[in-house]
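Below is one structure, written out as structure tokens, with a few remarks after it.
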Amino acid sequence: MIDNLMRDIAEILLPEKNTCLVCGYKASYIGSSHICMHCESLLPRLEGLLCARCSKPMENDGDLCNECIRMEKVFERSLALFQYKGKAKELINDFKYHNKSHLYKMFGYQMVQFLNNKNEIDIDAVVPVPIHKSKELKRGYNQSALLASYISFNLSLPMVKLIKRNKETKPQSQLRGYARWSNMADAFSILDRRHVPHKLLLVDDIYTTGSTVNECSKVLKQNGANQIICLTIAR
């Protein structure tokens, strides 16, 4: 409800196409991408040799990174568009913490284009990673739900809120290593086990250790999902 309202407000306040939401430059080629060529060139793409499970950059040949070999991941695959550094990190922080909810349009467009280039991905529904109610009320929106809503609309897929956050966890950015995984333990539960589609796209903003999307995937698979692809803006 809050996410739909914020999306509608963003449409009213920033309805125009052909405008870069990053720098304000106007040009007809921008269209509904909401980013100019210069600003897009500043976003560090996640490219090269990547882990087949979590998309972590790797230096040596092989399907999986050492972390995915050592630690079980419940999801089938996690994809990301950008490296979490430089301009991408700055804009994601603006999106999450500085009331720039309208950036969901620019990031959402990039995510839809990315998925359109991944023809092998089969999805029944889009699921946002939830944030705690207290945090959502303070922020005014769930950034992951805004992204999921954009993706579902543009790919003609249902967006379903299947998971709830049971506790307000410490920010993952303040933790390291195993503490991030223990921080997420039992943090999520299912909302309605009767209506869990089989093939899900789980959407979040950032992939760090993967503990958040892994715990969400665990809950979804325990309640009927059998294939989960995770998608984040950056990692």
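The values are calculated or read from the model by the stated rules, or taken from the named source; none is laboratory data. As the structure is a prediction and not an experimental result, all values here were calculated from the model. Cβ placement follows ideal geometry from the backbone for every residue including glycine, while neighbour counts extend to all protein chains displayed.
The residues on offer are Ser144, Ser101, Ser55, and the sole one that is in contact (Cβ under 8 Å) with a residue 60 or more places away in the chain and in contact with a Phe, Trp or Tyr (Cβ under 7 Å, 6 or more places away or on another chain) is Ser101. Return yes when Ile233 is at pLDDT 90 or above, closer than 25 Å to Glu90 by Cα and either basic (Lys, Arg) or touching a strand residue (DSSP E or B) at 6+ places or on another chain (Cβ under 9 Å) (or both) and no when it is not. Taking the combined requirement at face value, the residue satisfies it. The condition of being exposed (fewer than 14 other Cβ atoms within 10 Å of the Cβ) and of a type in the set (Gly, Ala, Ser) does not hold for Gly108.
For region 1-46, filtered to residues that are modelled with pLDDT under 95 and acidic (Asp, Glu), the residue that is surrounded by the fewest Cβ atoms within 10 Å (Cβ to Cβ) is Glu16. Residues in region 93-147 that are in contact with a strand residue (DSSP E or B) (Cβ under 8 Å, 6 or more places away or on another chain) and basic (Lys, Arg): Lys96, Lys118, Lys133.
Those helices (runs of 4 or more DSSP H) of region 128-203 in which 2 or more residues are at pLDDT 85 or above, charged (D, E, K, R) and surrounded by fewer than 20 Cβ atoms within 10 Å (Cβ to Cβ) occupy 133-139.
Does region 13-70 hold any residues that are in contact with a helix residue (DSSP H, G or I) (Cβ under 7 Å, 6 or more places away or on another chain) and part of a helix (DSSP H, G or I), and which are they? Ser32, Ser33 - these are the residues of region 13-70 that are in contact with a helix residue (DSSP H, G or I) (Cβ under 7 Å, 6 or more places away or on another chain) and part of a helix (DSSP H, G or I).
Cβ-Cβ contacts under 8 Å between residues 6 or more apart (or on different chains), taken from a first residue in region 63-78 that is touching a residue at least 60 places away in the same chain (Cβ under 8 Å) to a second residue that is exposed (fewer than 15 other Cβ atoms within 10 Å of the Cβ), are listed as Arg77/Ala52. Kindly indicate whether Asn99 is in a loop (DSSP other than H, G, I, E, B), on the phi > 0 side of the Ramachandran plot, exposed (fewer than 13 other Cβ atoms within 10 Å of the Cβ) and over 16 Å from the mean Cα position of the chain (by Cα). Spelling it out, Asn99 is indeed in a loop (DSSP other than H, G, I, E, B), on the phi > 0 side of the Ramachandran plot, exposed (fewer than 13 other Cβ atoms within 10 Å of the Cβ) and over 16 Å from the mean Cα position of the chain (by Cα). I need a count of the residues in region 102-127 that are in a helix (DSSP H, G or I), closer than 24 Å to Lys164 by Cβ and aliphatic (A, V, I, L, M). Selection size over region 102-127: 1.
For Ala88, the conditions (1) crowded, with 20+ Cβ neighbours inside 10 Å; (2) free of Cβ contacts under 8 Å to residues at least 24 places away in the same chain are fulfilled apart from (2).
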